[in-house]
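Novice: Take a look at the following structure, please.
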Amino acid sequence: MRAFLALIFAGLALAALTPAAHGESKRMRFINETDVSLVRLYVSNALADEWGEDVLRGPEVRPGQSVVLAVGDDSGACMFDIKALYADGDETIAYGIDICATDYLTLTP
């Protein structure tokens, strides 16, 4: 079992530095650089008490692949918690991710 998986911000885009307009979601790329397929991905407002629905809603993201997903909610908030579940049962949780300040997130071992 992997001891730890980290979510690393890979870069910032100037266009994403302003918060999303109220009621809009943001498109964000998730890159799987682990050695295990990503099977579920939850992105919830940092103020929420529970995880929302699985935003992946489709086939798994194999190692080396990426997926672009709509993230966010109708609050216009930028701070979100992200939970990634992998095919081997491991999970990674990152709290307080600013989705307005990045266009993509890299999942690494």
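Novice: Grab the Cα-Cα distance for ASN45 and ASP73, subtract it from 0.36 nm times how many residues apart they are, and report the gain in nm with one decimal.
Specialist: Additional length available on full extension: 9.4 nm.
Novice: So for each of 60-73, 32-45 I average, over its residues, the number of other beta carbons within 10 Å; can you give me the resulting order with the highest mean first?
Specialist: 32-45, 60-73
Novice: With the contact rule set at Cα under 8 Å and sequence spacing of 6 or more, what percent relative contact order holds for region 69-109?
Specialist: 35 percent
Novice: Okay, next question. Neighbour counts of other C-beta atoms within 10 Å: give me ILE99, ILE31 arranged from fewest to most.
Specialist: Ascending Cβ contact count within 10 Å gives the list ILE31, ILE99.
Novice: Could you please report the charge total around GLU50, scoring K, R as +1 and D, E as -1 over all other residues with beta-carbon less than 14 angstrom from its beta-carbon?
Specialist: Counting the neighbours of GLU50, the net charge comes to -4.
Read the figures in this text as sums done on the coordinates, not as results from a lab. What you are looking at is a predicted structure, and each value in this text was computed from that prediction instead of being measured. Ideal geometry is used to build each Cβ from the backbone, glycine not excepted, and the neighbour counts take in all protein chains shown.
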